[in-house]
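Here it is, the structure, as structure tokens.
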Amino acid sequence: MGYKKLKLADIAALAGVSKSTVSFVLNGHAAKHRITEDTVEKVKRIAAQYNYTPSVYARALKVKKTFTIGLVIPDLANMGFANTAKALESLLRDAGYQLLIASSNDEPEQEQRVVEQLVKRQVDLLLVASSMPSEEFYHGIKPGTPVIFFDRTFKESQFTNIKTDAFQATKQLVERMTKELDECVYIGGQRLLSPSYERLAGYQAGLEQVSLSFNENLVFKQDYQPQSGYELMRQAVNILGRAPQAVFTASYSLLEGVLRYLSEHKLLNDEIRLGTFDNYDILDCLPIKIDSIEQDSGKIAQALFDKANELLSNPLKEPETVTIAAKLHLRSKSL
């Protein structure tokens, strides 16, 4: 056969049997069709000898599935999304699916383009951390393409949503940070995204727990880029005329910008209480103790995998919201 890719007909000719017999053997249906052990062994030996692999396209045509899943995330460099994608890819690979990953760069227009491209590739299902203010665009995508939203979710959604319990975790951390303090600056991202208003609501609830009044002038919001963290920290210091007593950032990327500003202006010290949403191991190694909130990427990936399987088996399944608890990493001493 040389280097020619083997087909079922080639294996059948080499084994002296029919194409149907080869198909039954390679698909595990030999016993059902009473094919002898000698024939099974011969077919499998020839397939292994020539490194035969079944055609993905033929399989897709037969079952009307492409065995591909589209994953759309805002930022490929974001470690939280990267960890979720890594765990999810492993689960899907073991189940015979390929994960196609696209980035929206947190831009609704780009998100729309990458989703349309994935739909053109006939993915069986879309998993989306959306940058859009509403899910309306997804109501009009190709019928029969199920969608699951995660991280960035929507109220009264027509789709299944999977999210971290950001409100409770932020409330607990801000309460701990602000005991016996007079203020805490909040630095966050786009206000219309669900993680933004859930984390801000948790911040407000944390202040209430220690009887601190919510001060709109201490809330700074833009987007989740490090440069925004730097700029928003600059604004906060300018308004206060000094470094704040405490700062909570709504993401690790924003924390990067805050730390850079404080370091450049020689304001970074143990007197400032720092807390952030998202957790990275590097925080365990810093001389400044920063408390953090960790999203469970493994559980998020497992929930995405489980709900994807349910939707692929039953596209008419009722949408639901799955909420996953976050974990606090408390490095600073409690006041």
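May I have the convex hull volume per residue, in Å³, for the Cα set of the chain? Let's see the in-between values first.
Values: hull volume 59.6 nm³, N = 335.
Given the Cα convex hull of the chain, per-residue volume reads 178 Å³.
Evaluate the charge dipole of the range 117-242 about its Cα centre and quote only its size in Debye, nearest 20, assuming +1 on the Cβ of each Lys and Arg and -1 on the Cβ of each Asp and Glu. Could you put the intermediate results ahead of the total?
Working: 14 positive and 15 negative charges, 77 e Å.
In debye, rounded to 20, the range 117-242 gives about 380.
Let a ≥ b ≥ c be the square roots of the eigenvalues of the Cα gyration tensor of the range 203-271; is it rounded (a/c under 1.5), or, if not, prolate (a/b larger than b/c) or oblate? Show your work: numbers first, answer last.
On the way: a/c = 1.76, a/b = 1.38, b/c = 1.27.
The shape class here is prolate.
To continue, here is another question. Please list, in chain and number order, the residues 5+ apart from Phe150 or on another chain whose amide H is under 5 Å from its amide H, with Hs placed from the backbone.
Val128, Ala129, Ser130, Ile162
On to the next question. For the chain, build the charge dipole from Cβ charges (+1 Lys, Arg; -1 Asp, Glu) around the Cα centre, then report which of Val115, Phe154, Gln235 sits farthest towards its positive end.
It is Val115, whose Cα lies furthest towards the positive end.
How big is the gap, in Å, between the Cα center of the range 101-133 and the Cα center of the range 184-250?
Cα centroid to Cα centroid, the span is 29 Å.
For the range 8-54, count all C-alpha to C-alpha pairs, find those more than 15 Å apart, and express that count as a whole percent of the total.
Values: 314 of 1081 pairs.
That fraction is 29 percent.
For Cys285, Cys184, which order do you get if you count the other beta carbons within 10 Å of each Cβ and list the fewest first? Please list the in-between numbers first.
Values: Cys285 7, Cys184 22.
Going from sparsest to densest Cβ surroundings: Cys285, Cys184.
Same structure, new question: If you take the charge dipole of the chain about its Cα centre, with +1 on Lys and Arg Cβ and -1 on Asp and Glu Cβ, which of Leu254, Leu274, Val185 is farthest toward its positive end?
Ranked along the dipole, the leading option is Leu254.
On to the next question. Lysines near Lys65 by alpha-carbon distance under 18 Å, same-chain residues fewer than 8 away left out - which ones?
Lys120, Lys142, Lys307
Which percentage, to the nearest 5, of the DSSP beta bridges contained in the chain is antiparallel?
Numbers: 4 of 38 bridges.
Antiparallel: roughly 10 percent of the beta bridges in the chain.
Can you give the relative contact order of the chain as a percent, counting alpha carbon pairs under 8 Å and 6+ residues apart?
Details: 560 pairs, mean separation 52.2, N = 335.
This gives 16 percent for the chain.
Run through the range 146-181 and list the GluC sites (Glu not before Pro) located in a DSSP loop whose Cβ has at most 13 other Cβ atoms within 10 Å. Display every interim value, and only then the final one.
Values: sites: Glu156, Glu175, Glu180; in loops: Glu156, Glu180.
Of the GluC sites (Glu not before Pro), the ones in loops of the range 146-181 whose Cβ has at most 13 other Cβ atoms within 10 Å are Glu156, Glu180.
Among His33, His265, Ala169, which residue has its Cα furthest toward the positive end of the charge dipole of the chain, with +1 on Lys/Arg Cβ and -1 on Asp/Glu Cβ?
With unit charges placed on the Cβ atoms, the residue in question is His33.
Moving to a separate point now. Amide H to amide H under 5 Å from Gln98: which residues, 5+ apart in sequence or cross-chain, H placed 1.01 Å off N in plane?
Thr68, Ile69
Using only helices, what value at 222 nm comes out for the chain when you add -39,500 (n - 2.57) per DSSP H run of length 4 or more and divide by the total residues, to the nearest 500 deg cm²/dmol?
Values: 11 runs with 140 residues, N = 335.
The helix-only estimate for the chain comes to -13000 deg cm²/dmol at 222 nm.
If you don't mind, there's one more thing I want to ask. Taking the Cα centre of the chain as the origin, how large is its charge dipole in debye, to the nearest 20, when only Lys and Arg (+1) and Asp and Glu (-1) carry charge on their Cβ atoms? Mind showing how you got there, number by number?
Working: 40 positive and 41 negative charges, 376 e Å.
The dipole magnitude comes to about 1800 debye.
All of the numbers you see were taken from the coordinates with simple rules; none came from a lab. None of the values given here were measured: they were computed from a predicted structure. Cβ atoms come from the backbone with ideal geometry, glycine included; neighbour counts cover every protein chain shown.
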